[in-house]
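The values are calculated or read from the model by the stated rules, or taken from the named source; none is laboratory data. On a predicted model such as this, the values are computed, not experimentally measured, just so you know. No Cβ is skipped: glycine too gets one built from the backbone with ideal geometry, and neighbour counts run over all protein chains shown. Surface areas here come from the heavy atoms of the whole protein model, side chains and all, with no ligands, DNA or RNA. Shrake-Rupley method; radii C 1.70, N 1.55, O 1.52, S 1.80 Å.
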Amino acid sequence: MKTNQASRAPIPVAFITDGNFVMQTATAIRSLLDSRAPGTEYDVRVVTADCPEEARACFAAFPAVRVVEASLEEYRDIRQMAHIPIACLLKFNLCELLADCDRLLYLDGDVLVRDDLTALYESDLGGHLLGATPQTVLVGTGEKKISAGILLFDAERMRREHVRERLVETRRALGDQRSMDQQSFNLLLGGDMVYLPLRYNFCPAQVETAIEERGMDALNEYHGSAYADFAAALSDAAIVHFATGTKPWLYRNIPYADAWYESYRKTPFGDEPLHRRRYTVWQSRWYGVKRALGEGGLPGLLRFLGRFVRRKVFHRYDTNDWG
């Protein structure tokens with residue numbers, strides 16, 4: 001749903017990509033531009049690292065998109081989770097890289113934007129450093145940590161208080177835990193952030209699982225929402241975040257896969273066919289097994305299987321030690 005708005009200054013929106021995520025980022029940008037309301041303009045910055053010139057050139061097809069080249073050298077020795085590129089650590093640098101922005105909205109590249117984001121950008125941070133949506137995977141656990149896939153920064157204060165340096169120190173202090181940028185944001189800024197509504201970081205697979213395992217009331221209590229059911233929550237999503245292994249460029253039958261594909265077709269990559277499969281729950285289980293093996297070997301697989309049994313058989317849920 002779009003809202004009528006008076007003309008205003010362009011909203012700065014940042015993305016980060018390396019050479020492996022250019023197509024997905026371009027699709028996210030296309031959906032962002034297509035869903036804006038009359039009078040809304042976005043000033044899109046794409047921060048690139050380890051990205052070939054020909055890949056960066058695709059962003060020139062979009063109006064009001066600027067490419068900012070960054071270096072990953074200071075992060076080369078940091079070990080991330082196997083499926084997370086170190087380019088994600090450039091979230092620490094965004095406010096310095098885009099030093100002309102006093103407030104800054106960051107979006108992951110695996111998103112589909114369905115609504116104008118002016119209201120999100122103008123969210124009241126109450127003097128805090130950032131705003132973000134709590135992780136839906138933690139519904140019912142008693143924990144509340146933010147997902148770093150969509151972040152609204154008080155960029156001026158981030159620079160003034162040298163938060164980047166403290167985030168890097170926090171990440172390095174974690175040692176070889178293969179953690180993500182998300183854990184550093186939660187550890188360092190947990191008391192200096194505002195929780196944003198679920199609709200601004202809506203992961204369909206995680207929401208559906210939370211409702212199945214914890215119930216609708218638990219989801220609403222956690223997010224401060226009042227949805228009647230999964231369908232109501234799904235239809236209200238302003239930013240759909242494909243944060244799990246169920247990606248719309250891989251599967252054709254997941255929520256909003258067709259809408260994502262429509263945006264994809266309008267990018268410079270749109271003439272290239274995507275051979276998308278039909279998603280089944282067993283593919284999800286197999287993805288979990290492969291990821292557990294890839295990141296932790298046999299011990300990682302055993303931990304994955306143990307969590308699965310505790311959840312499905314004994315209805316006991318682990319808290320989150322990585323984010």
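A few notes on this one:
- Estimated FRET transfer efficiency when R0 is 35 angstrom, pair residue 124-residue 162 (beta carbons, to 0.05): 0.90
- Global form of the chain, assessed from the alpha-carbon gyration tensor, a/c cut-off 1.5: rounded
- From phi via Karplus (6.51, -1.76, 1.60), per-residue ³J(HN,Hα) for segment 225-235 in Hz, x at Gly/Pro: 9, 9, 6, 6, 6, 4, 4, 5, 5, 4, 6
- 5 angstrom amide H check on residue 43, placed H, neighbours 5+ away: 11, 13
- Sequence-distant residues sharing a close amide H with residue 279 (under 5 Å, placed H): 252, 253
- Note on segment 132-200: the C-alpha convex hull projects to 5.1 nm² when averaged across all orientations.
- Paired Rg and Dmax values of segment 160-244, which use every Cα atom, in angstrom: 16.1, 44
- Rounded if a/c under 1.5, otherwise prolate or oblate - segment 114-265, Cα gyration tensor axes: prolate
- Radius of gyration and Dmax over the Cα atoms of segment 3-61, both given in Å: 13.0, 39
- Rounded, prolate or oblate (a/c below 1.5 giving rounded, otherwise prolate when a/b exceeds b/c) for segment 84-137 by Cα gyration tensor: rounded
- In the chain, lysine pairs with alpha-carbon atoms under 23 angstrom apart (chain gap of 8 or more, or interchain): 8
- At R0 = 41 Å, FRET efficiency that the Cβ-Cβ distance of residue 218 and residue 169 yields, to 0.05: 0.70
- Amide hydrogen neighbours beyond the local backbone of residue 194, cut-off 5 Å, H modeled: 130, 131, 132
- Net charge over other residues, Cβ less than 13 angstrom from the Cβ of residue 162 (K, R count +1; D, E count -1): 0
- Along segment 157-164 the Karplus relation, 6.51 cos²θ - 1.76 cosθ + 1.60 evaluated at θ = phi - 60°, assigns HN-Hα couplings of 5, 4, 6, 4, 9, 6, 5, 4 Hz to successive residues, with x for each Gly and Pro.
- Extended-chain gain in nm, criterion 0.36 nm per residue less alpha-carbon gap, residue 102 and residue 68: 10.5 nm
- Each label was represented as a point 7 Å from its Cα along the Cα-to-Cβ direction; for residue 235 and residue 277 these points are 3.3 nm apart.
- Remark: relative contact order (the chain) = 18 percent; criterion is Cα-Cα distance under 8 angstrom and separation of 6 or more residues.
- In the chain, the portion of solvent-accessible area held by carbon and sulfur atoms comes to 52 percent [1.4 Å probe, whole percent, DNA, RNA and ligands not counted].
- Residue-normalised accessible area of the chain, expressed per residue, 1.4 Å probe, Å²: 46
- In this rough spin-label picture, where each label sits 7 Å from Cα along the Cβ direction, the residue 192-residue 54 distance is 4.4 nm.
- Here the Karplus relation 6.51 cos²θ - 1.76 cosθ + 1.60, evaluated at θ = phi - 60°, turns the backbone of segment 148-155 into coupling constants of 8, x, 9, 10, 10, 9, 7, 5 Hz, with x for every Gly and Pro.
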